Amino acid sequence: MDVMLRDEIYDQAVKWVLEAGRIIREKMHDPLDIEIKSNANDLVTKLDKETEQFFVRKIKEKYSDHFILGEEGYGDELSSLDGTIWIIDPIDGTMNFVHQKRNFAISVGIYHDGVGEIGIIYDVMANIVYHAKKGDGAYKDDVRLPKLMKKTTINEAIIGMNHFWLCENSLVDERHMQHFVKQIRGTRTYGSAALEFAYTAEGIIDGYISMRLSPWDVAAGIVLVNEVGGRTTDIDGNELHLLKKSAILTSNSDYHQHILENLQKGRK
Ligand code: 2AM
Ligand code: CA
C-alpha cells in the first residue's frame, strides 16, 4: 500500500475512532435497547449498531472503493480479502459495556490485499489509543511500545484467557487446561479480545488464548502484536484466515511454540 495514502487513511481512522468514542461516552447512559445474539450471554446494544453505522457512513463517503467487515453486519458481504478492507468491532467487550461501563474498546484493523497495514484499539473509558502501522512500530497514545522482552520460562507467564475453555464445545480438554494454568504464573480475563491483544502488545500480559474469535475481534490486535515482535496463529499453529472464526493464540514469540505444543497435547 502506498505509504502516503496509508498515512492519510491512518490519520482519518484515528480521528473517526476518537469521535465514535466520544459519542459512546455521551450516549452510554441513555436506554441501551439490549438484545441477545447467538446465546443469552452474547449481547448487542443500540450503541454497537449506531457506532458501526457511523463508521460505515464515514468510510463509504470518503473511501467509496474500500470494503467494510463489521461485527453488526452493516458493512459488506466479503468472499475475498482483495482490496482495502476495514475490519471493525464497534464495541468489543459488549458485556463489559452493558454491565460495567468500562473495559470495552473500539477495534479497527485496516488490511490491504490480506496484509494488516493499520491497527487501532481504543479503550473508550480510559481514553487510551493503542495504534500501529505495519513496519512503523506500535504505540500507546504517544509512547512507542518496546519490542517484547525475551522470555525463557513459561512459569513466569501471565496469560489472558476465559471460561470458554470449560464449555462442552471447547477444542482443548478441560483437564488439560487445568494442567496448563498450573504451569504458568497467572491468568487474567479482561472480557475484551481487542484489549487483551493490546495488553499483549504492551507486554503487561504475555499472551491471550481464546476460542472462536471473529475477524473483528482480532484484526487490529494482530497488527499491534506483530509490531512488537509477537505472533498470532490459531491454536494448531496456522496463520489466521480473516474471513473465518478461529481459536487463537497471540503471544510473545518466545512462548508461542511452547504454548502451542502444550495446547496440542490436550487437543480434542
Ligand atoms: P464482543 O464483546 O464484541 O461480543 C469476551 O471474552 C470476548 O470474546 C469479547 O471480545 C467478545 O466480543 C468476544 N466474543 C466473541 N464471540 C463471543 C460470543 N459468542 N459470546 C461472548 N463473547 C464473544
Ligand atoms: Ca467483538
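Quick notes on this one:
Residue-wise test of (1) at pLDDT 95 or above; (2) surrounded by 14 or more Cβ atoms within 10 Å (Cβ to Cβ); (3) closer than 18 Å to Asp141 by Cα.
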| residue | (1), (2), (3) |
| --- | --- |
| Asp11 | yes, no, yes |
| Trp16 | yes, yes, yes |
| Ala20 | yes, yes, yes |
| Lys27 | yes, yes, no |
| Leu32 | no, yes, no |
| Ser38 | no, no, no |
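- Any chance Ile110 is among the β-branched types (Val, Ile, Thr), modelled with pLDDT of 95 or more and within 16 Å of ligand 2 (Cβ to nearest atom): no
- A Cβ distance below 6 Å, combined with a sequence gap of six or more or placement on separate chains, defines the contacts here; from the range 36-63, residues that are under 15 Å from Phe97 (Cβ atoms) reach residues that are assigned to a strand (DSSP E or B) and of a type outside the set (S, T, N, Q) in the pairs Lys37/Val44; Val44/Glu35; Asp48/Pro90; Asp48/Ile91; Thr51/Pro90; Glu52/Gly70; Glu52/Pro90.
- Screening the range 94-191 for strands (runs of 3 or more DSSP E) wholly inside it with 1 or more residues that are of a type in the set (Asp, Glu) returns the ranges 115-123.
- Filtered residues of the range 34-93 (kept if among the β-branched types (Val, Ile, Thr), in contact with a helix residue (DSSP H, G or I) (Cβ under 6 Å, 6 or more places away or on another chain) and closer than 23 Å to Val115 by Cβ): Ile68, Ile87, Ile88
- Failed item, numbered, when Val108 is tested on (1) surrounded by fewer than 24 Cβ atoms within 10 Å (Cβ to Cβ); (2) under 17 Å from the mean Cα position of the chain (by Cα): (1)
- In a residue-by-residue description of the range 67-74, the property of being of a type outside the set (D, E, K, R), over 17 Å from Ile121 (Cα atoms), within 20 Å of the chain's Cα centre (by Cα) and within 16 Å of ligand 2 (Cβ to nearest atom) applies to at least one position.
The values are calculated or read from the model by the stated rules, or taken from the named source; none is laboratory data. This structure is a prediction, so every number in the text was calculated from the model and none was measured. Ideal geometry is used to build each Cβ from the backbone, glycine not excepted, and the neighbour counts take in all protein chains shown.
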